[in-house]
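Novice: A single structure is presented below for examination.
Just so it is clear, none of the values below were taken in a lab; they were calculated from the coordinates. Values in this document were obtained by computation on a predicted structure and should not be read as measured data. Glycine also receives a Cβ, built like all others from the backbone with ideal geometry; neighbour counts cover every protein chain displayed.
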Amino acid sequence: MQAKTEPMKVDIGIDKKDRKAIAEGLSKVLADTYTLYLKTHNFHWNVTGPMFQTLHAMFEEQYQELAMAVDEVAERIRVLGFPAPGSYKEFAELASIPETDGKPEATEMVRLLVEGNEAVAKTARSVFPTAEKASDESTVDLLTQRMRTHEKTAWMLRSLLEE
């Protein structure tokens, strides 16, 4: 039987208290991102109506991007030396995006995805000052990328709702 060794100390130039605060914020970003991923994938499967082909393809592109983002955010939490949340229960406790019951019609799906993308952007923005204050440029860069992506996606989706 092999003896259990202590985990090696994380020494990346950010103190543990700051790394913990950043990881907690990123856990909320992760929960929102995963919740939005599930919602987008669900809508991809269930969209109907005259805009079916456009929305089906758009939602697929969006959920694939979100799947990559989930991994990036979770890996950043791990780099900071903390476990990433990964269960539905943890995500439900951390997420700011509500679940959608039933199968809404297409324009309601678009509206809900606008709200979801804006929510992730706001959650990412809320973590930004903590990462910036700790000189965590890697997290700042990740958050900037996530905000840019979600703001642009919200704009594109919102444009579909205009007359």
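Novice: Residue 4 versus (1) of a type in the set (Lys, Arg); (2) within 14 Å of residue 78 (Cα to Cα); (3) in a loop (DSSP other than H, G, I, E, B): which is the lone unmet condition?
Specialist: Result: residue 4 passes all but (2).
Novice: Quickly run through region 89-99 and pick out the residues that are assigned to a helix (DSSP H, G or I) and either surrounded by 13 or more Cβ atoms within 10 Å (Cβ to Cβ) or hydrophobic (A, V, I, L, M, F, W, C) (or both).
Specialist: Answer for region 89-99, where residues must be assigned to a helix (DSSP H, G or I) and either surrounded by 13 or more Cβ atoms within 10 Å (Cβ to Cβ) or hydrophobic (A, V, I, L, M, F, W, C) (or both): 90, 91, 92, 94.
Novice: Let me ask something else about it. Test residue 135 against the criterion of being among the hydroxyl-bearing types (Ser, Thr, Tyr), in contact (Cβ under 8 Å) with a residue 24 or more places away in the chain, out of contact with any Phe, Trp or Tyr (no Cβ under 7 Å at 6 or more places or on another chain) and over 26 Å from residue 162 (Cβ atoms), and give yes or no.
Specialist: Yes; evaluated as a whole, the condition is true for this residue.
Novice: Using the structure shown, decide if residue 40 is surrounded by fewer than 17 Cβ atoms within 10 Å (Cβ to Cβ), among the hydroxyl-bearing types (Ser, Thr, Tyr) and part of a helix (DSSP H, G or I). Write out each step before concluding.
Specialist: Details: surrounded by fewer than 17 Cβ atoms within 10 Å (Cβ to Cβ): no; among the hydroxyl-bearing types (Ser, Thr, Tyr): yes; part of a helix (DSSP H, G or I): yes.
When the stated conditions are applied, residue 40 does not pass them.
Novice: Follow-up question, since we're still on this one. Among the numbered conditions (1) more than 25 Å from residue 21 (Cβ to Cβ); (2) among the aliphatic types (A, V, I, L, M); (3) touching a Ser or Thr at 6+ places or on another chain (Cβ under 7 Å), tell me where residue 119 comes up short.
Specialist: Of everything listed in (1) more than 25 Å from residue 21 (Cβ to Cβ); (2) among the aliphatic types (A, V, I, L, M); (3) touching a Ser or Thr at 6+ places or on another chain (Cβ under 7 Å), residue 119 misses just condition (1).
Novice: Could you please give the count of residues in region 134-146 that are assigned to a helix (DSSP H, G or I) and closer than 15 Å to residue 80 by Cα?
Specialist: Step one: filter region 134-146 for residues assigned to a helix (DSSP H, G or I), giving 137-146.
Now narrow it down to the ones that are closer than 15 Å to residue 80 by Cα: 137-143.
Residues flagged as assigned to a helix (DSSP H, G or I) and closer than 15 Å to residue 80 by Cα within region 134-146 amount to 7.
Novice: Let me ask something else. Of the residues 86, 102, which is within 14 Å of residue 30 (Cβ to Cβ), free of Cβ contacts under 8 Å to residues at least 60 places away in the same chain and not polar (S, T, N, Q)?
Specialist: Numbers: 102 fails: within 14 Å of residue 30 (Cβ to Cβ).
Within the list 86, 102, the selection yields 86.
Novice: Is one or more of the residues making up region 108-125 surrounded by fewer than 19 Cβ atoms within 10 Å (Cβ to Cβ), assigned to a helix (DSSP H, G or I) and polar (S, T, N, Q)?
Specialist: no
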